[in-house]
Amino acid sequence: MPRIQVPLGDRSYEVLIGPRLLPSLGERCRKLNLGRRCLVVTDENVKKIAAKTAKKSLRDAGFEVTVHSIPPGEGSKNLKQLQLGYRQMAELQLERGSFVVALGGGVVGDLAGFLAASYLRGIDLVQIPTTLLAQVDSSVGGKTGINLKAGKNLVGAFHQPRLVLCDLDLLATLPPREFRAGMAEVVKYGIIRDARLFALLEKKYSQILNQESKPLAQVIAQSCRIKAEVVTQDEQEQGLRAILNYGHTIGHALEAITGYGKYLHGEAISIGQVAAAALSETILGLEPQASERIRNLLAAIGLPIYASLNARQITRLLEAMLLDKKVSDKKTRFVLADRIGNVLTGQNVPSALIRSTLVAGSRHASRK
Ligand code: ADP
Ligand code: ZN
């Protein structure tokens, strides 16, 4: 079973990837000497699938467990759910030594993570990501938070978990569209850091989509390894961590202008990665064949690679990119690839080029 160390001094932790991990939760928490009382935060869908096993495992290991469930979806990453969570924690009289288990996708991970980060100035957190996206991305690295009306993830904290369990069995019930969307982040790791991972995906994507455990574990582990490596070198997002934003500048803007309803995050960044590859050809001389491999792989996985946008929507998208909270000096800086497996951050792209790339993409989208 792949085990990945995230070395952060006295806050170091492990990410375990494999089948049948959830039943071992209690035992593993005991080995980490976590406090007696814990709150399992989950959503209503995941509760039906996994809460019972989590609860039993924790109880059998001697923990006092309460399950707190939130409505599924991004809409739950709000102040109201935060308040309900705090209320529950206070009622249970959680103490400094108590801990939170985040059992769910990215939404649960972010909200539960922030509850743990802020209650009593921070208590222990265990992440059990149940979506592919959360397993390869949001559960590793310590970012937690909620959305405000003014924007996504505007309130949050860095709070590293004590343990991350990526149980492959949990992915069996994930809707196929959610699974494919998670694959967009896996492809991203190949592009930014690992040409071999990219080639493996080209060869094995259909087995992976069928959730064959060996190649699936292999690509999840490699994704977590890359994320862990980037995060340990740049825990607070000062520099290197920016490479993780490949495909996200346009992707985030696309999510924003479509009201976070049309595209799943992974779908939007699939389109963003294809556009970034096109920009990379002009700005960094990325070979057209490399750009084509990126398009082909994402399309083979079943992800959208172009968005159909009219001139007005493209203008709104360009504006939305400037509103991105990572924009510092009114200039959108891109992460671009000079080859598959390597990217450069801080790339300045003329907005005329972004526009013409999006126009070309829209033509492709409407041709289909
Ligand atoms: P993400 O991890 O992509 O940020 P969410 O936390 O919003 O996503 O989860 C996406 C959806 O999938 C939610 O409706 C959630 O309840 C559901 N979900 C999460 N994990 C599973 C699972 N293992 N099986 C079935 N549905 C799941
Ligand atoms: Zn992402």
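FYI, it's all coordinate maths here, none of it is from the lab. Remember, it's a predicted structure, so these values are computed and weren't measured experimentally. Cβ coordinates were reconstructed from backbone atoms using ideal geometry, including for glycine residues, and neighbour counts include every protein chain displayed.
Structure notes:
- Under-5 Å amide H pairs with D43, H placed in peptide plane, nonlocal only: I70
- Across V46, V100, V349, mean-square fluctuation computed from a Gaussian network of the chain (C-alpha pairs under 10 Å connected) peaks at V349.
- Reported value for region 176-366: 109 Å³ per residue, from the convex hull of its C-alpha atoms.
- Euclidean distance of C-alpha centroids, region 47-120 and region 168-226, integer Å: 27
- Electrostatic bookkeeping for S138 treats Lys and Arg as +1 and Asp and Glu as -1; over the other residues with beta carbon under 11 Å from its beta carbon, the sum is -1.
- Three-way shape label, the chain, alpha-carbon gyration tensor, a/c 1.5: prolate
- 18 Å Cα cut-off, lysine pairs counted over region 176-366 (separation 8 or more, or different chains): 5
- Against the chain, whose longest principal axis is taken from its Cα atoms, helix 79-91 shows a tilt of about 20°.
- Distant-in-sequence amide H partners of L125 (H built 1.01 Å from N, under 5 Å): V100, R162
- Between 0 and 90°, nearest 10: helix 351-367 axis offset from the chain longest Cα axis: 90
- Residues considered: D338, D194, D60. Largest GNM mean-square fluctuation over the chain, using C-alpha springs under 10 Å, is found at D60.
- Ranked by the mean number of other Cβ atoms within 10 Å of their residues, highest first, the peptides 199-211, 176-188 fall in the order 176-188, 199-211.
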